[in-house]
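The values are calculated or read from the model by the stated rules, or taken from the named source; none is laboratory data. On a predicted model such as this, the values are computed, not experimentally measured, just so you know. A quick note on method: Cβ atoms are made from the backbone with ideal geometry, for glycine too, and the neighbour counts reach across all protein chains shown. When the accessible area is computed, the model is the full protein with side chains, heavy atoms only, and any ligands, DNA or RNA have been set aside. Shrake-Rupley method; radii C 1.70, N 1.55, O 1.52, S 1.80 Å.
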Amino acid sequence: MSDNDKNVLERGLENIQPQFSSFIRAQTTSSLFLLMSTIVALWWANSIYSASYVNLVHTPVGLLFGDFEFKASLKHIINDGLMVIFFFLLGLEIKREVLVGDLAQPENRRMLILCALGGMISPALIYSMFNYSLDSQIGWGIPMATDTAFALGVLTIVRKHIPASLLAFIVGLAIVDDVGAILVIAIFYTEQISVMYLSSAFALVAFLAIANYAGVRQPLFYIVISIITWLLMLKTGVHPTVAGVAIALTVPARPEVASGKLVKKAKSIIKSIEKKPQSVDVLGNKDDHDEILKVRDVAEEASTPLRRWEGALHLPVSLFILPLFALTNAGVVVSFSSFGASLQSPVGLGIISGLVLGKFIGISGACWLALRYKLGSLPSGVNFQHVIGASLITGIGFTMSTFIAMLGFDGQPEQLQYAKTAILIGSVVAAVLGAIYLRVISTKQSQE
């Protein structure tokens, strides 16, 4: 291959790589993986191979060290183990938004918190109306949640017709919503609490917070302490995913060294590289390789662990953990009779009404009140009509709603079946209504 051909090939690869990376990291890709896993789970659970699906989900997986044995079903390992990483990522996003994002601005923070509260209280009340004085009232937290990945995936369908700031508004709304869902799980979906284990777990969280303040930045230190905290949380009676959020709040959000010093340090290293008479050979020359590593180390010191870990976890969570959760939990037996039973049951009616009407009434109503009494403001380019569309789309509650449903109806397979079917129906209806509404108002506004 000639030098010219090599140059053409290298330029071609440089052009392809960023595009491929952008595609993988796009939220639409995350939503696509989640959707595909949901479809596969639904097909598998309703096919002639349904027995193999049930066997797989409940397959025991474990470790054996002498007399010590740890064994749990695949479903529990995903829900109580891998989902902790998902909640850890949520915690990182929450902390960043509070420090420097939309939640850092008082007027935006007030609006988002008010809208999120409306979007949680209204669905819970509507569900409770349908299930008042029934045992199924425990499921009131199910329609409160919003699935951020699916919501943003639906928004990409109408992305050309909505302001970019609406995406940021929904992300901020979903983050506050997630905080509410996490608190609901921790407080209301916990049967018995072991004070000893809970105290030990939060003592370790406090220890991590002190280590952060003291300037500890080594990832291995945080990983080891986090694993011990998670193991303790498993024994507390509180769902272990709460540990993920608590640990995330202790992750350092400041760079290791002041930015001014880092710029000078980086410039001196780069100047020493530029002074070399020959081209830099990182493969054949050890000194050149070491110099490049110094530049990498400076860049790492200039960034924050919070940002680095958030970036590192985004793809594994979006493309592996959430699809696995959907695959093992979305396998609902679907039929006309099951749809009919779900639509007739108080659980099904409460969830569907809560997701579709509750989110719409709660978020839109809270936004209207906040604007009328000047309690908060909307981002530039976003108006009240956009918020109505967003309130419909936030009725997509797939992942978090399913998670809460399994906690609330643990040991009640019939009610859980109704709940999962209703979550699917309500999420689809909310997605369709929201996408159509935003498309219609954008057309109307462009004509005006």
What is the packing order of peptides 134-146, 228-240, 192-204, taking the mean over residues of other C-beta atoms within 10 Å and listing the highest first?
134-146, 228-240, 192-204
Where 403, 65, 384 fall by accessible area, highest first, once all protein chains stay in place (1.4 Å):
65, 384, 403
Go through 359/444; 75/95; 359/420; 75/359; 75/235; 160/359 and tell me which ones have a Cα-Cα distance over 26 Å in this structure.
75/95; 75/359
If one puts a single equal scatterer on every Cα of region 77-189 and applies the Debye formula without solvent, what log₁₀ I(q)/I(0) results at q = 0.16, 0.20, 0.21 Å⁻¹?
-0.85, -1.18, -1.23
Let's test the formula: R0 of 30 Å, r as the Cβ-Cβ distance of residue 35 and residue 371. What FRET efficiency results, to the nearest 0.05?
0.30
Rotationally averaged projected area of region 125-204 (alpha carbon convex hull; nm²):
8.1 nm²
Counting only heavy atoms of the protein chains, get the accessible area per residue of region 52-200 (1.4 Å probe) and round it to a whole Å² value.
48 Å²
Ratio of the Cα radius of gyration of region 344-433 to 2.2 N^0.38 Å, where N counts its residues:
1.26
Take the alpha-carbon positions of region 157-213, form their convex hull, and give its projected area averaged over all directions (one quarter of the hull surface) in nm².
6.8 nm²
